[in-house]
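Take a look at the structure set out below.
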Amino acid sequence: MTALKRRRGAALIASGAAAMMLLAACGGDSSSETTAEETAAETAAETAAETAAEGDGAVAAGCEAYAAYAGSEGTSVSIFTSILPPEQQKFEEAWAEFESCTGIDIVYEGSDQFEAQLPTRIAGGNAPDIAFIPQPGLLAKLVEGGGPVPAPESVVANVDSYWNPAWKSYGTVGDTFYAAPLGSNMKSFVWYSPKKFAEWGFEVPTTWEDMFAISDAMVDAGVKPWCGGIESGGATGWAATDWLEQIMLRMYGGETYDKWVSNELKFNSPEVTAAMDTLASWMKNPDYVNGGFGNVQTIATTAFQDAGGPILAGECGMLQQASFYGNFWVNFNPDATVAPDGDAYAFYLPAMNDDVAQPVVGGGEFVAAFANRPEVAAVQTFLASPEFATAKVKLGTWVSANSGVPLDAYVPGSIDQLSAQYLTDLSGTFRFDASDLMPAAVGAGAEWTEMTAWFAEDKSTKDVLDAIQAAWPAS
Amino acid sequence: MNEVLSGAAKLSSSFLAIIVFFALILVVFFIGSRFRGRLQSPAALVIFLGPAVILLLIGLVVPAIRTTAGSFQNAAGTEFIGAANYLWIFENKVPVLVNTLLWLVIAPLASTALGLTLALLLDRMRRESVAKSLIFMPMAISFVGAGIIWGLIYEYRDPSKAQVGLLSQLAMWVGIDDPPNWILWSPFNNYLLMAIMIWIQVGFAMVVLSAAIKAIPGDVVEAAELDGATGWKLFSRVTIPMIRATLIVVLVTIMIAVLKIFDIVRVMTNGNFGTQVVANEMYAQAFVQFDVGRGSALAVVLFVAVVPLIIYNVVQLRKERSIR
């Protein structure tokens, strides 16, 4: 009898523990639902209060600029994004005036699981009103599934007048324009040390030939002109794909670049081979690399975060990296300054071909809407306006390719200002990071591993390009 | 403030969940205790086995079936494409299979052999527990942490510059002026990665084997010694046969861990430079390149390779139990 009791007790505990795990898993969901309900209740209360407060719709003092967005008092628009605090606060600050003047309440929700959650929410009929989509490929996938609604005329007008036409094409799927660009970043930079350049007596190059004349002069002076690193954990190789993109755009221009992205131009075509040869004479040139680290092969094992370190020490002359690299210099030396006369700064990676006007490779996120209510359109239009972008830029560390933003809204001499100068050029040749646009099997797969093998194992250019082309999914 | 509030809300809601759950269990058991006579034993079976079977179904059986089905489908999982994913593995990924096989043979054997040697050397040594604790310690480090630590050891710098990596510096001290870039040094880089696994697993092997050695009855050893067995003979004729079952369990346990090896390779090389293994390739295919079909096929290959080892391990454990 006692034995039986004891056994029962043990079973109770065991099954209890097992089911507790299940419950713990479900617990998270139920609590987040509660918060959602609370938010909804809160919003409803605010809405009621605001509706009561609003009068006959006359524009309040100081709100004249928002007259075009009026007519949606007491409504609410939800935004879902992968952008988390502290950036979240800056967004909220930038549209605070818009909210108080128009009476539209913008509910911001950031998640680090954005890309996984968004499709689930759309499928579950719980789509946000607006989502900030980090890359065009995801937008195309969402449109395929039937989520986003086409952008209203007012957004189209803003994008047409303020952005380089290429940006519009990245917010377009098929023939329909869905999403206006929001923030952007600039990848066509070369980082260098202004102090060392002054010491060595070099000027910032403005042509491709100049850049290599300086490189050769550095070789003569006993300095390795270039350093690079493509190690990046699970994404090792991406930095090398960026180099190839820079050259592809510079050699052949936007149209050929687009064909390359869509595989109309094969990866193992003579054009790409020629671009790889140019890259080989640059980043695989044993006279040029790898300053501060060793031979060419070390590019494959050097973390991209570490690659710029030798520049401060004068062991390496230049590094091709994106605008975000400006945040890394303090890691090498806490006192390092990023300024036109500081320890580190960037210059625009020069054009190679006169037929291609100011080529720029970059990236950015896009504003897609999943509802066509008037207040959603108002928020979309505002987010695509120079007024919003200027307000957001003034809060710092953010770049918009919106050409309506005056350059003096940026911190003078900052990398953000320099980025904006190139990104807002309406006649320049802007193109999105190609590997982000290609199918994942190539852009996040074969191109990474094969480019890494190209540097690490000196795998032949032909074998590398054949292997990448072979990985292109048949469709 | 909000975070504190939501934290408190989470805590109270999880408490509530636990209480509700226990209430539910009590109700089920109460109902169970009402059954009498013919229904009593089937009811007990359902109540006791039910939760375990349901959890196994949700957590193991259903995913296994779905993965197997997925391995015959295309990248998006929308079309049936037969054995194409498996053909792709055997056409393109043979080096990956070979690497995994190398890992499977070398790492467990080396860990077990080293562990056994250490167990014997440390047996009855003064301060045995201190030495053992030190050797066991890497076991407490995650594979990712170990990868980062060893990444620093293998770090390469130009021989003319100050060295960062311990291994290069050691090599230069013993007169190798131009040490290779270790991580790129194919195919030896595979063994350098295995060294990390061995470093972690030796402690486990040593502790388990040491316990087995200590469990050998004193009179057996005494009898053997009276018969004139010493040193190597005592070890190979008495110790080894007495701990054979434990040795095999240790070996197979490490083998299973090695088959799933992922973290070390991911952190150190991400499978570049000819060091790719099946588990990392599976992750890359399924979650980086979003080819669910190929990812599933690799998972099935891994699963099929692990199953015989698990069966063997269970059989051995059962045998050992029936002897005692």
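The values are calculated or read from the model by the stated rules, or taken from the named source; none is laboratory data. No experiment lies behind these values; they were computed from the predicted model shown. Here the Cβ is made from the backbone with ideal geometry for all residues, glycine too, and neighbour counts use every protein chain on show.
If the Cβ limit is 6 Å and pairs must be 6+ apart or interchain, which residue in the stretch B:164-193 that is within 14 Å of another protein chain (Cβ to nearest Cβ) pairs with which residue that is surrounded by fewer than 15 Cβ atoms within 10 Å (Cβ to Cβ)?
Correct list of pairs: B:Asp178/B:Pro159.
With the requirement that a residue be at pLDDT 90 or above, under 18 Å from B:Val94 (Cβ atoms) and either more than 14 Å from chain A (Cβ to nearest Cβ) or assigned to a helix (DSSP H, G or I) (or both), what does the stretch B:250-276 give you?
Correct list: B:Val265 only.
For B:Met206, are the conditions met, namely being more than 24 Å from B:Ile141 (Cα to Cα) and either touching a Gly at 6+ places or on another chain (Cβ under 6 Å) or within 14 Å of chain A (Cβ to nearest Cβ) (or both)? Can you show your working first?
Working: more than 24 Å from B:Ile141 (Cα to Cα): no; either touching a Gly at 6+ places or on another chain (Cβ under 6 Å) or within 14 Å of chain A (Cβ to nearest Cβ) (or both): yes.
It is false that B:Met206 is more than 24 Å from B:Ile141 (Cα to Cα) and either touching a Gly at 6+ places or on another chain (Cβ under 6 Å) or within 14 Å of chain A (Cβ to nearest Cβ) (or both).
Would you please list the contacts, defined by Cβ atoms under 8 Å and residues six or more apart or on different chains, that run from a residue in the stretch A:223-241 that is within 11 Å of chain B (Cβ to nearest Cβ) to a residue that is in a strand (DSSP E or B) and of a type in the set (A, V, I, L, M)?
These pairs meet every condition: A:Glu231/A:Ala303; A:Ser232/A:Ala303.
Checking A:Pro286 against (1) crowded, with 18+ Cβ neighbours inside 10 Å; (2) within 14 Å of another protein chain (Cβ to nearest Cβ), which single condition isn't satisfied?
(1)
Results for (1) in contact with a Gly (Cβ under 6 Å, 6 or more places away or on another chain); (2) away from every other protein chain (no Cβ under 11 Å); (3) outside any helix (DSSP H, G or I); (4) modelled with pLDDT of 90 or more, shown as yes or no for each residue.
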{"position": "B:Ser14", "(1), (2), (3), (4)": "yes, no, no, no"}
{"position": "B:Ile25", "(1), (2), (3), (4)": "yes, no, no, no"}
{"position": "B:Leu49", "(1), (2), (3), (4)": "no, no, no, no"}
{"position": "B:Thr100", "(1), (2), (3), (4)": "no, yes, no, yes"}
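Check A:Gly110 against each of (1) crowded, with 21+ Cβ neighbours inside 10 Å; (2) touching a helix residue (DSSP H, G or I) at 6+ places or on another chain (Cβ under 6 Å) and name the one condition it does not meet.
(1)
Give the stretch A:100-118 a look and list any residue that's free of Cβ contacts under 8 Å to residues at least 40 places away in the same chain and farther than 19 Å from A:Gly71 by Cβ, or say none.
Of everything in the stretch A:100-118, those that are free of Cβ contacts under 8 Å to residues at least 40 places away in the same chain and farther than 19 Å from A:Gly71 by Cβ turn out to be A:Tyr108, A:Glu109, A:Gly110, A:Ser111, A:Asp112, A:Gln113, A:Phe114, A:Glu115, A:Ala116, A:Gln117, A:Leu118.
Among the numbered criteria (1) within 14 Å of chain B (Cβ to nearest Cβ); (2) among the polar types (S, T, N, Q); (3) crowded, with 20+ Cβ neighbours inside 10 Å; (4) under 21 Å from A:Ser435 (Cβ atoms), which one does A:Gln297 miss?
So the condition that A:Gln297 fails would be (4).
Being surrounded by 19 or more Cβ atoms within 10 Å (Cβ to Cβ) and not in a helix (DSSP H, G or I) is the filter; apply it to the stretch A:435-463 and report the residue that is farthest from the other protein chains (Cβ to nearest Cβ).
Filtering first and then ranking leaves A:Met438.
Of all residues in the stretch A:414-434, how many are over 22 Å from A:Ala157 (Cβ atoms) and either at pLDDT below 90 or part of a helix (DSSP H, G or I) (or both)?
Total satisfying the criteria: 8.
Considering only residues that are loosely packed, with under 13 Cβ neighbours inside 10 Å and among the hydrophobic types (A, V, I, L, M, F, W, C), look in the stretch B:122-137 and name the one that is farthest from B:Ile254 (Cα to Cα).
B:Met125
Select from the stretch A:365-413 the residues that are surrounded by fewer than 19 Cβ atoms within 10 Å (Cβ to Cβ) and assigned to a helix (DSSP H, G or I) and list them in ascending order.
If the condition is that a residue be surrounded by fewer than 19 Cβ atoms within 10 Å (Cβ to Cβ) and assigned to a helix (DSSP H, G or I), then A:Pro374, A:Pro386, A:Glu387, A:Thr390, A:Lys394, A:Leu407, A:Asp408, A:Ala409 are the ones that fit.
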